[in-house]
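The structure appears below as structure tokens.
Read the figures in this text as sums done on the coordinates, not as results from a lab. All values reported here derive from a predicted model rather than from experimental measurement. Because the Cβ atoms are built from the backbone with ideal geometry, glycine has one as well, and the counts that use them run over all protein chains shown.
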Amino acid sequence: MAYFMEDLYVYRSYPPQPAGYGSDQQNFVLGMILQSISGEKQDELFYNYLIRQAPTEQQKQVIAGIRDDERKHNRMFRSMYTQLTGRIPAVTEANVHFEEPASYLDGIERRCSAS
């Protein structure tokens, strides 16, 4: 078994399992990881929108730092999924739904109310 280190997380890599193999708990966990990948991509798209709309360079830099964290989380979940299944997750920007806020302020308010 191999060990990988990425962003201070350590995972144990298991050999890929044949199709249809696995318990309900394993399938549940893999489904949750896929949902997390999709959520992190949605967040990245949201922050990209805010960066484009931000009125000052300082605001753009702060939001870019938050966006970069979302990218890091996405890579972590993708790595987990690949290590557990031996497959690359099929979540892409093309199949992630993102709805732009009505405005920069609406986006900021939406994110603040979600916290």
Give the value in nm², to one decimal: projected area of the alpha carbon convex hull of the range 43-115, averaged over all directions.
-> 5.5 nm²
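Where Lys and Arg each count +1 and Asp and Glu each count -1, what net charge lies around ILE33 among other residues with Cβ under 12 Å from its Cβ?
On the way: positive: ARG78, ARG87; negative: GLU40.
Value of the local net charge: +1.
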